[in-house]
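Visitor: Let me begin by handing over the structure; questions about it come next.
The values are calculated or read from the model by the stated rules, or taken from the named source; none is laboratory data. Because the structure is a prediction, the values reported are computed rather than measured. Cβ sites come from the backbone with ideal geometry, for glycine too, and all protein chains shown count toward neighbours. Surface accessibility is based on the protein's heavy atoms, side chains included, excluding ligands, DNA and RNA. Shrake-Rupley method; radii C 1.70, N 1.55, O 1.52, S 1.80 Å.
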Amino acid sequence: MTFRASRMAARFFRLLSHLPSMHAPTPLLSRQISMEAKSFVSQLNGAGLLRSQGLIGGKWSDAYDGNIIKVHNPATGEVITTVPCMGQRETNDAISSAYGAFSSWSKLTASERSKYLRKWYDLLISHKEELGQLITLEQGKPLKEAIGEVNYGAAFIEFYAEEAKRVYGDIIPATLADRRLFVLKQPIGVVGAVTPWNFPLAMITRKVGPALACGCTVVIKPSEFTPLTALAAAELALQAGIPPGVVNVVMGSASEIGDALLASPQVRKITFTGSTTVGKKLMAGAAGTVKKVSLELGGNAPCIVFDDADLDVAVKGALAAKFRNSGQTCVCANRIIVQEGIYEKFVDAFVKAVQNLQVGNGFSEGVVQGPLINEAAVQKVESFVQDAVSKGAQVVVGAKRHSLGMTFYEPTVLRDVKSDMLISREEVFGPVAPLLRFKTEEEAIRIANDTNAGLAAYIFTNSIQRSWRVSEALEYGLVGVNEGLISTEVAPFGGVKQSGLGREGSKYGMDEYLEVKYVCMGNMSGN
C-alpha cells in the first residue's frame, strides 16, 4: 500500500479540520479509517505477518489459561486483533526453550551466526512496507516515520551480523616463562529483553541483534500495547532459519513475566528500555540471582539554543528533537532553553513551524504527528500543561485536545516556563514544547544538569569552542550539536545518572552480552 492509496482518508482529515472542535471522529471518518485498517490487516494476513500468538520454542502458542489481550489502533480505538495474555508458566517454558537452544547456538561459529542475522535483515527490509503499516496500526506514528523505524531497526541486525565476527580476545604477556595467559569473550547466556511501545521494532532489534551475534538466546517481552510488530519480527526470524528456541516472545502480565525472568537462574541478563521507576524495580529484582543488567530509562533532555546559533538550523533541529513520534521518545527535547538575545526571534519562528505540523491518522498523506498511545498519556500531558499554566507559563499555541478526538493532542508551545514547573522536572512524553530563558552559558549548563536524568541533550551554536566546552560539561550520555536526530546503529546509545546503565548500538553494545574469561595455562616449557 503506497501513500497514494490513503489520499481519500487524507481528504476526510482536511475536511474534518474545518469542523467545530469535538472529542470523537465523525461516523463517516470512522468508517473510512475502518475500511482502510481492514485493508491493511488483510494484506498483513496475506503476507503471514499478522501473528496473534506467542512464540515458545519455535511454536506459536496461546496462553495456557486462554486469556487474551485486545490490541487497539490508537488513532481509531478499533480492535486490530487479540493476543494471548501470558504469565509465569509460559515465561518459564520460554526460558527453558532459550536455555536448551543456547548450548547449540553459542557453539556455532561467528560466521554462521552472522549469516542467519544477515538473512533476517534481508527479510526485514524486503517487508519494510508491511512492517511499517503494522507499526502505524498498533502504535499510531505516521507511515513514513514507521517505515523509517523499520530501516533503523533492521540496521541493528545488519550491523551486528558484521560485528559477530569481531569479538576479539587478548594475549597477556606472562609473568613466568612457563605460562601462557589469554582472555576469551563468551556469550553470557539467556537474555530477558523487555521492550517499550514507542519503537516496537527498533527497541527489539537493538537488543536482540547483539545478543544473537554474541551467541546468546533471548526471551522477548514486548509492550502489551504493541505486541504485533514483535511477533512479525519473530516470524521473519524463523523464516531466516534462526533455530527454534533462540528467539522467544511472550506478552501479557508484566508483573508475572518480569518476576519469572528475574527469578530464573537460567536467565543471566536483563535488558530493559522503559520508565525509570520500572527499571529500578528490575535492577533490584536482578540482585537475587546476580544478573547482569542494562537499562535505558527515562530522560529530561535539554535543548540549548545560544544567541550565536543559526536560527533556521535551531528551529529545524528543535522541532525534530521535540515532535518526532508525537513527543513520545526518551530522547525528546523536554526543555528548550533559549538565550535571551535570540529568545523572541526563536519563539516566533518555532511557533510558525509548529503550526504547520499536520496531525492525523498515520495512514493519511502529509501527516507528521499521529495520536498519543492511549487516554492515560493524554491525561498526563493535560496535567503537565495545567500545572505549567497555573504557575505562570503562557500558551502560545495548542494546549488542548485535537478536534480529531480520540487521543490526538494539538502540537503545543509554552513560553516563560520555569525550572520548578512539573514539565521541567519530568518527561511530558507528548507534543508539548516548553520554552525557558537563560542569560549566560554557565546558567544554561546549570539548568540543563539540574535533573536526575541524563540520557540526551542538544546544543545549537556556531562556536566550535562553545560546542566542545558545553558538550563536556553536560551530564548526559548523548549530545547532539546543531542536530536534533542523533540516534544511529553505529554509535553508542545510553544514559548516565538515573537514565540507565550500559550502552546499546555500536561495537560497545556487544560488551553487554559477553563475559570475559581469563585463562592461565601452566607447564608450557615441556613437551
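Conditions tested, residue by residue: (1) in contact with a helix residue (DSSP H, G or I) (Cβ under 6 Å, 6 or more places away or on another chain); (2) over 23 Å from L282 (Cα atoms).
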| residue | (1), (2) |
| --- | --- |
| F429 | no, no |
| G454 | yes, no |
| S463 | no, yes |
| R466 | no, yes |
| R469 | no, yes |
| G477 | no, no |
| T488 | no, yes |
| K497 | no, no |
| E512 | no, no |
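Visitor: Could you pull out the residue among T195, T217 that is at pLDDT 95 or above, buried (at least 22 other Cβ atoms within 10 Å of the Cβ), of a type in the set (S, T, Y) and under 19 Å from the mean Cα position of the chain (by Cα)?
Guide: Exactly one residue qualifies, and that residue is T195.
Visitor: Let me ask something else about it. What tally of residues in the stretch 279-310 results from selecting those that are more than 30 Å from V481 (Cα to Cα), open to solvent by 60 Å² or more (accessible area, probe 1.4 Å) and not basic (K, R)?
Guide: Selection size over the stretch 279-310: 5.
Visitor: May I pose another question? So which pairs qualify, if the first residue must be in the stretch 492-512 and part of a strand (DSSP E or B), the second must be open to solvent by 60 Å² or more (accessible area, probe 1.4 Å), the Cβ gap must be under 9 Å, and the two must be at least 6 apart or on different chains?
Guide: Pairs that qualify, where the first residue is part of a strand (DSSP E or B) and the partner is open to solvent by 60 Å² or more (accessible area, probe 1.4 Å), are F493/R503; L501/M283.
Visitor: Mind telling me which of the residues V389, V413 ends up being β-branched (V, I, T) and under 28 Å from the mean Cα position of the chain (by Cα)?
Guide: V413
Visitor: Please specify each residue of the stretch 479-490 satisfying the condition of being among the aliphatic types (A, V, I, L, M), assigned to a loop (DSSP other than H, G, I, E, B) and surrounded by 15 or more Cβ atoms within 10 Å (Cβ to Cβ).
Guide: Passing the criteria: only I486.
Visitor: Here's something else I'd like to know. Hey, T81 hits all of (1) part of a loop (DSSP other than H, G, I, E, B); (2) open to solvent by less than 50 Å² (accessible area, probe 1.4 Å); (3) not aliphatic (A, V, I, L, M) but one; which does it fall short on?
Guide: (1)
Here's the yes/no breakdown for (1) in contact with a Gly (Cβ under 8 Å, 6 or more places away or on another chain); (2) part of a helix (DSSP H, G or I); (3) modelled with pLDDT under 95:
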residue: A63; (1), (2), (3): yes, no, no
residue: A75; (1), (2), (3): yes, no, no
residue: E90; (1), (2), (3): yes, yes, no
residue: D93; (1), (2), (3): yes, yes, no
residue: S97; (1), (2), (3): yes, yes, no
residue: G100; (1), (2), (3): yes, yes, no
residue: S104; (1), (2), (3): no, yes, no
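Visitor: I'm checking my understanding of the structure. Among residues of the stretch 238-265 that are farther than 24 Å from E224 by Cβ and in contact (Cβ under 8 Å) with a residue 40 or more places away in the chain, which one is surrounded by the fewest Cβ atoms within 10 Å (Cβ to Cβ)?
Guide: Once the filter is applied, the top-ranked residue is G241.
Visitor: Which ones in the stretch 49-61 are open to solvent by 30 Å² or more (accessible area, probe 1.4 Å) and part of a loop (DSSP other than H, G, I, E, B)?
Guide: If the condition is that a residue be open to solvent by 30 Å² or more (accessible area, probe 1.4 Å) and part of a loop (DSSP other than H, G, I, E, B), then R51, S52, Q53 are the ones that fit.
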